[in-house]
Structures are given as C-alpha cells and as structure tokens.
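**Student:** Attaching a single structure in structure tokens format; questions to follow.
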Amino acid sequence: MKIAIASDENGLQLKNHLKAHLEKQGYDVSDATSNQSLDLFDAATEVAKVISNKEADRAIMIDEYGVGSSIVANKYKGIICANVADEHSAEMTVRHNSTKIITLGSGIVGNKLAEKICEAFIKADYDGGRHQIRVDMVNKMC
Amino acid sequence: MKISIGCDHIVTDLKNHLVDYLTDKGHEVIDNGTYDNERTHYPIYGKKTAEKVSSGEADLGIVVCGTGVGISVSANKVKGIRAALVRDIETARYAKKQLNANVLAMGGRITGAGVIEETIDTFLETKYEETEESKKLIEKIESIPMNEELIGDEQYFDEFIEKWNNGGYPAN
C-alpha cells in the first residue's frame, strides 16, 4: 500500500514525525509536499490530486486544526476526506465511507495519538455492501 | 438564528434532542430529517440541510451521523458550504472565526452530549473575523468548480434508491 503524507507549515513537524513512524513500521510513505511551503489550501489540493491520480492508496494531511484541509479536499470530485482526532473514527470512516484521505490537526492531536490514528486508518478496509449506495450518492454530488 | 439541522438514522434521537435544545434557546430550527430509525442514507440529509444554508433560508447548519464524516462530506459537496467536522470546542471556534464555516458536523457515536451542546453554543456565538489570509483561503475554496445541478433537486438520488429498492445493493 502506498501512503502519501502532506502538510502546510503548521503541520510540518507532525508530518515528519508520522512519516518516520510509518516508515519504521515498513510502510511506503511519500511526502507530497516535500520542500514546499504551501498554505493548507494548496497542500490539501495536492493531496486530492495524488489520490485522484491514484499515485497513492491513502493520504494523510496535516494542518493546525485539520478542519480547513478537509473542507478543501472534499470540494474535489471523487474525494471523500475525514477530519479525525480519534482511532475509532479513523477506522470506521474507511470501513463505512471508503475514505482515502484523513486530515489531522497538529494543534489538536499529540504525537502518540496521531501515530495510532494513522495506523488505524491504514489497517482498515472498506466494508462495501450497503455502504456503497451512500458512496455512490456522494460521488454523484461532485 | 435560523438553524438547518439533519441526521441519519443512527443518531435520530440526538438530532431530536438538539432540535429541542436549540428551540429552547430561542432559535428557529428547520428539521430536515431523518425522523425515525429506519435505515436510510446520510447524503440525502447532508444535501437537504446544506442547501437551506447555501440558499440563505437558514443562517447556519448542523449535521450529525455516527462519526459525522459521511454527512459532513455530503454537506460539503454543496456549493458555498464549508462544513466543519469537529470533535472539540476549540476546533469549532477556529472553524467559525477563521474559515467562516457555515455547517457544523459532529459524530453522535464519537462525542458526548455535553461537548456537543457546548460546541454548538460556541459555533453559534463565535463571529467570523475576516483577515487577508482567511479571505484569500475562502476565495480559493469558492473558486473550485462545483456541480450546481444538484441544488434543490429532490430526485437527485432516485437512481440509487431505485437500485437499492430492487436489491441492487447488498443488504449486509
């Protein structure tokens, strides 16, 4: 599984921490905003492109609160993105919403919680079944 | 204030509680459903609730589902909507103050009643404070091309509902 990670300036430190943590666990992690100083709009747009172009299977985006990036990413066609701050949401949103992108707030979640959220997100699989009708509806919207 | 509210069948009781909570505080509430616990689909209610806000009929929107994700993503797919999925009060404060978020989303299976109520209070009370940075960010969000065909179209999801009714989706 290919994982993309990205951030604006506020999320840079947590991004680097999570990239190192996930790589240590053996995941293939690419930095979608490496050496770039982007605002949350441009960074979230970059992440949406990476997922739309299937350059990664899952993506993690970090800004100070997470909420701005998720608003941006969800404006793009075919993108389902969740701002999460707990492991349960990270798992359930993959299982039920077929979410490919999560956003985290570097000012909201600490390093340890962020590590566990990312692990839960990556390990979860989409349940399909009855959930597909809702995903079809969302994807028709934009 | 005039508040548009919506939920899926997982958290109807919470939504009903929030309708009473807001009404008791003197707000006018548009309840977009769902109204019972029969299995339904969150995009229907995310879209309905958000459209009342984007049209100006309501001042702000509140959406809830299990995690808050599905219904907030649906609301956010409506042009002009900035739906903030939050799990704490400070994120709601920020979302209103700096992003001028117009829909608040929470997960009924994630966040407890006390935090949900205070998050709503904070979201409604906090004023948007425009800065050069926030203005630019909102303009950029507005510049993303959005599908406008869906606005006000109550038959928009019929093809999927028909497929569902004909057993076209697995029931598990």
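**Student:** Among B:I5, B:I10, which is the only one that is under 27 Å from B:Y156 (Cα atoms), within 11 Å of the chain's Cα centre (by Cα) and aliphatic (A, V, I, L, M)? Full working, then the answer.
**Tutor:** Details: B:I10 fails: within 11 Å of the chain's Cα centre (by Cα).
After applying the criteria, what remains is B:I5.
**Student:** Does region B:144-154 contain at least one residue that is within 17 Å of A:Y65 (Cα to Cα) and either at pLDDT 95 or above or not small (G, A, S) (or both)? Talk me through it step by step, then tell me what you get.
**Tutor:** Narrowing region B:144-154 to residues within 17 Å of A:Y65 (Cα to Cα): none.
No, every residue in region B:144-154 fails to be within 17 Å of A:Y65 (Cα to Cα) and either at pLDDT 95 or above or not small (G, A, S) (or both).
**Student:** Considering A:I60, A:I101, which residue is closer than 16 Å to B:G68 by Cα, at pLDDT 95 or above and open to solvent by less than 10 Å² (accessible area, probe 1.4 Å)? Working first, answer last.
**Tutor:** Working: A:I60 fails: closer than 16 Å to B:G68 by Cα.
Of A:I60, A:I101, the one residue that is closer than 16 Å to B:G68 by Cα, at pLDDT 95 or above and open to solvent by less than 10 Å² (accessible area, probe 1.4 Å) is A:I101.
**Student:** Just give me the residues in region A:90-102 being in contact with a Phe, Trp or Tyr (Cβ under 9 Å, 6 or more places away or on another chain) and either over 18 Å from B:P43 (Cβ atoms) or more than 8 Å from chain B (Cβ to nearest Cβ) (or both), in sequence order.
**Tutor:** Pass one, region A:90-102, residues in contact with a Phe, Trp or Tyr (Cβ under 9 Å, 6 or more places away or on another chain): A:90-91, A:93-99, A:102.
Of everything in region A:90-102, those that are in contact with a Phe, Trp or Tyr (Cβ under 9 Å, 6 or more places away or on another chain) and either over 18 Å from B:P43 (Cβ atoms) or more than 8 Å from chain B (Cβ to nearest Cβ) (or both) turn out to be A:A90, A:E91, A:V94, A:R95, A:S98, A:I102.
**Student:** Give just the number: which of (1) buried (at least 17 other Cβ atoms within 10 Å of the Cβ); (2) of a type in the set (A, V, I, L, M); (3) within 17 Å of B:G6 (Cα to Cα) does B:L137 not satisfy?
**Tutor:** (3)
**Student:** Just for region B:14-67: of the residues that are among the polar types (S, T, N, Q) and open to solvent by 20 Å² or more (accessible area, probe 1.4 Å), which one is nearest to the other protein chains (Cβ to nearest Cβ)? Talk me through it step by step, then tell me what you get.
**Tutor:** Of the residues in region B:14-67, the ones among the polar types (S, T, N, Q) are B:16, B:23, B:32, B:34, B:37, B:40, B:49, B:54-55, B:67.
Narrowing further to those that are open to solvent by 20 Å² or more (accessible area, probe 1.4 Å): B:16, B:23, B:37, B:54-55, B:67.
Details: B:N16: 22, B:T23: 27, B:N37: 15, B:S54: 13, B:S55: 16, B:T67: 5 Å.
Among those residues, the one meeting the criterion is B:T67.
**Student:** Those residues that are touching a Cys at 6+ places or on another chain (Cβ under 8 Å) and in a helix (DSSP H, G or I), I need them from region B:73-91; list them, please. Give the steps one after another, and end with the answer.
**Tutor:** Residues of region B:73-91 that are touching a Cys at 6+ places or on another chain (Cβ under 8 Å), as a first pass: B:73, B:77.
Listed by number, the list holds a single entry, B:V73.
**Student:** Step by step: first the residues of region B:140-157, then only those that are more than 8 Å from every other protein chain (Cβ to nearest Cβ) and open to solvent by less than 70 Å² (accessible area, probe 1.4 Å), then the one that is nearest to B:G80 (Cα to Cα). Which residue is that? Full working, then the answer.
**Tutor:** The initial filter retains those residues of region B:140-157 that are more than 8 Å from every other protein chain (Cβ to nearest Cβ), namely B:142-143, B:145, B:148-149, B:151-155.
Within this subset, residues satisfying the condition of being open to solvent by less than 70 Å² (accessible area, probe 1.4 Å) are B:152-153.
On the way: B:G152: 14, B:D153: 16 Å.
Only one residue fits best here, namely B:G152.
**Student:** Could you tell me whether B:A58 is touching a strand residue (DSSP E or B) at 6+ places or on another chain (Cβ under 7 Å) and aliphatic (A, V, I, L, M)? Steps first, please.
**Tutor:** Details: touching a strand residue (DSSP E or B) at 6+ places or on another chain (Cβ under 7 Å): yes; aliphatic (A, V, I, L, M): yes.
For B:A58, the condition - touching a strand residue (DSSP E or B) at 6+ places or on another chain (Cβ under 7 Å) and aliphatic (A, V, I, L, M) - is met.
**Student:** Exactly one of these conditions fails for B:E132: (1) open to solvent by 30 Å² or more (accessible area, probe 1.4 Å); (2) within 17 Å of B:I3 (Cβ to Cβ). Give me its number.
**Tutor:** Result: B:E132 passes all but (2).
**Student:** Okay, next question. Here's a check for you: in region A:120-142, which residue that is more than 11 Å from chain B (Cβ to nearest Cβ) and not in a helix (DSSP H, G or I) is farthest from A:A20 (Cα to Cα)? Spell out the reasoning first.
**Tutor:** Going residue by residue through region A:120-142, those that are more than 11 Å from chain B (Cβ to nearest Cβ) are A:120-126.
Right, trim to not in a helix (DSSP H, G or I) and you get A:124-126.
Numbers: A:A124: 20, A:D125: 23, A:Y126: 26 Å.
The extreme case among them is A:Y126.
**Student:** Here's another thing I want to ask about it. Scan region B:68-106 residue by residue and report those that are in contact (Cβ under 8 Å) with a residue 60 or more places away in the chain and facing chain A (nearest Cβ under 7 Å).
**Tutor:** Within region B:68-106, B:G70, B:K77 qualify.
**Student:** Same structure again: Which residues, taken from region B:101-127, are surrounded by fewer than 20 Cβ atoms within 10 Å (Cβ to Cβ), part of a loop (DSSP other than H, G, I, E, B) and out of contact with any helix residue (DSSP H, G or I) (no Cβ under 6 Å at 6 or more places or on another chain)?
**Tutor:** Selection gives B:R109, B:G112, B:K127.
**Student:** Considering only region A:39-58, state which residues are within 19 Å of B:N76 (Cα to Cα) and not basic (K, R).
**Tutor:** Restricting attention to region A:39-58, the residues satisfying the condition of being within 19 Å of B:N76 (Cα to Cα) are A:40-49, A:51-52.
The answer is A:L40, A:F41, A:D42, A:A43, A:A44, A:T45, A:E46, A:V47, A:A48, A:I51, A:S52.
**Student:** Taking region A:1-27 as the search range and keeping residues that are over 15 Å from the mean Cα position of the chain (by Cα) and over 17 Å from A:K116 (Cα atoms), which one is surrounded by the most Cβ atoms within 10 Å (Cβ to Cβ)?
**Tutor:** Result: A:N10.
The values are calculated or read from the model by the stated rules, or taken from the named source; none is laboratory data. Predicted model only: the values in this text are computed from it and were never measured. Here the Cβ is made from the backbone with ideal geometry for all residues, glycine too, and neighbour counts use every protein chain on show. Keep in mind that these areas ignore ligands, DNA and RNA; they rest on the heavy atoms of the full protein, side chains included. Shrake-Rupley method; radii C 1.70, N 1.55, O 1.52, S 1.80 Å.
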